[in-house]
Amino acid sequence: MVRFLYDYMGKFKVQDVGGHLILHSHLPPLNSRAYKRFIDEHLIKNVEGPSHAQVGLTNACPQKCAYCYSRGRKGEPMDTETILRVVRDLREMGVFWLGFTGGEPLLNRDIVRITEDAAADCAVKLFTSGFGLTEELAAGLRDAGLFSVSVSLDHWNEEVHDRGRGFPGAYRTALRAVETFRNVGGVQIGISSVLSKELIRPDKVEEFLGFLSGLGVHEAWLSEAKPSVPAFWSEEFIIPVEERRELARLQDRWNKDGGITVNYLGHFESGSHFGCNAGSKMIYVDAFGEVSPCVFTPLTFGNVRERSLREIFTEMSARFPPSDTCFMNAEYGLFRKYYEGALPLSREHTHGLLEEARFGPPPKFHKLRSR
């Protein structure tokens with residue numbers, strides 16, 4: 001395990017951002033209490049609970065991204081006290097990395113209070129379009145303990161990005177958010193990019209990374225569009241394995257050469273590293289309290305208003321072993337079969353789908369961890 005972590009972490013350079021020593025935004029700062037919990041609880045004690053979680057702070061958002069994983073979700077939004085209880089429960093279960101998402105999480109007026117509560121012993125990352133950000137709010141989030149922000153930006157061309165986001169001004173909003181966090185300082189600034197199939201070519205990605213380098217950000221967080229909504233339940237939207245490998249090679253090359261950190265999701269979740277941890281080490285609580293394996297997997301195992309989060313996770317993790325393959329990339333066809341016009345799928349259809357689903361072998365990290 002030590003050699004595995006040494007080899008993996010050696011692919012990234014350490015950045016000092018406001019005193020935080022950061023490899024990339026999937027891991028807590030190396031000098032943080034959250035990282036110590038990773039070592040103590042998940043490597044030494046080998047706890048069974050989740051390590052990473054995302055929580056939807058609201059489903060409200062002015063942008064209309066076609067691939068949005070929360071698209072179409074409905075219900076009664078969690079109030080602040082419920083969110084704080086969820087955060088507390090996640091920490092007690094073992095979560096040391098917490099992502100705030102939405103919708104647009106900045107539209108939750110209590111986001112600073114929630115961040116402060118979570119950041120005591122969790123690494124807190126914000127995923128945002130930048131809509132609603134002010135310098136005062138950015139400083140408040142930094143002071144509350146936010147260690148990383150990922151601002152959504154999918155293309156260097158303003159018209160292309162705005163069209164993909166279904167919102168005129170999305171591009172300029174993102175650039176203002178980057179500038180605002182740069183002015184405030186003390187927070188790792190990343191760009192979160194959902195790469196279209198047209199963009200996933202070595203020359204295009206290289207051009208995009210060059211553009212992002214010029215923005216003065218610390219990290220490029222890259223992923224391809226996941227088949228999380230009906231419009232993407234088709235093979236034409238799934239990029240081939242070799243293209244994923246090429247993106248991983250490009251990541252390693254950029255990180256070796258210096259400059260911004262490139263953090264490709266397909267590299268992190270590959271079978272040779274940490275794999276797909278949906279439902280086992282990853283958990284997602286949407287803005288309405290529904291519990292899913294991850295943000296990209298529109299299933300539900302229950303609502304936090306009706307059952308304890310620990311009970312829900314215990315049921316879910318028994319059905320979701322760590323796998324060397326992204327669950328959604330492999331099983332999107334089953335969602336087509338069980339879909340009846342609403343996401344996430346009902347609990348009944350969730351269990352029906354899982355009776356047919358197949359999982360790959362454990363990834364390398366989990367093989368070593370189980371020895």
Report summary line: Given the conditions (1) part of a loop (DSSP other than H, G, I, E, B); (2) within 18 Å of the chain's Cα centre (by Cα), every one holds for residue 133 apart from (2)
Report task. Could you figure out which of (1) open to solvent by 20 Å² or more (accessible area, probe 1.4 Å); (2) polar (S, T, N, Q); (3) farther than 24 Å from residue 245 by Cβ isn't true of residue 196? Result -> (3)
Query raised in the report: Which pairs have Cβ atoms under 7 Å, sit 6 or more apart or on different chains, and link a residue in the stretch 140-163 that is under 15 Å from residue 212 (Cα atoms) and among the acidic types (Asp, Glu) to one that is open to solvent by 20 Å² or more (accessible area, probe 1.4 Å) and modelled with pLDDT under 95?
Result: 154/164; 154/194
**Report entry** Of residues in the stretch 151-172 being open to solvent by 40 Å² or more (accessible area, probe 1.4 Å) and assigned to a helix (DSSP H, G or I), the one farthest from residue 99 (Cα to Cα)
**Finding:** 159
Requested in this report: Please tell me if residue 206 is acidic (Asp, Glu), open to solvent by 30 Å² or more (accessible area, probe 1.4 Å) and either in a strand (DSSP E or B) or without any contact (Cβ under 8 Å) to a residue 24 or more places away in the chain (or both).
Outcome: no
Query - Candidates 173, 134, 115, 180, filtered to the one that is among the hydroxyl-bearing types (Ser, Thr, Tyr) and either in contact with a strand residue (DSSP E or B) (Cβ under 7 Å, 6 or more places away or on another chain) or within 20 Å of residue 263 (Cα to Cα) (or both) - result: 115
Query - Candidates 121, 89, 110, filtered to the one that is under 23 Å from residue 29 (Cβ atoms), over 16 Å from the mean Cα position of the chain (by Cα), touching a residue at least 12 places away in the same chain (Cβ under 8 Å) and open to solvent by 20 Å² or more (accessible area, probe 1.4 Å) - result: 121
Query raised in the report: Which one of these does residue 83 not meet: (1) touching a helix residue (DSSP H, G or I) at 6+ places or on another chain (Cβ under 7 Å); (2) β-branched (Val, Ile, Thr); (3) open to solvent by less than 10 Å² (accessible area, probe 1.4 Å); (4) in a loop (DSSP other than H, G, I, E, B)?
Result: (4)
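The values are calculated or read from the model by the stated rules, or taken from the named source; none is laboratory data. For clarity, every value in this text was computed on a predicted model and none was experimentally measured. A quick note on method: Cβ atoms are made from the backbone with ideal geometry, for glycine too, and the neighbour counts reach across all protein chains shown. The area values use the complete protein model at the heavy-atom level, side chains included, leaving out ligands, DNA and RNA. Shrake-Rupley method; radii C 1.70, N 1.55, O 1.52, S 1.80 Å.
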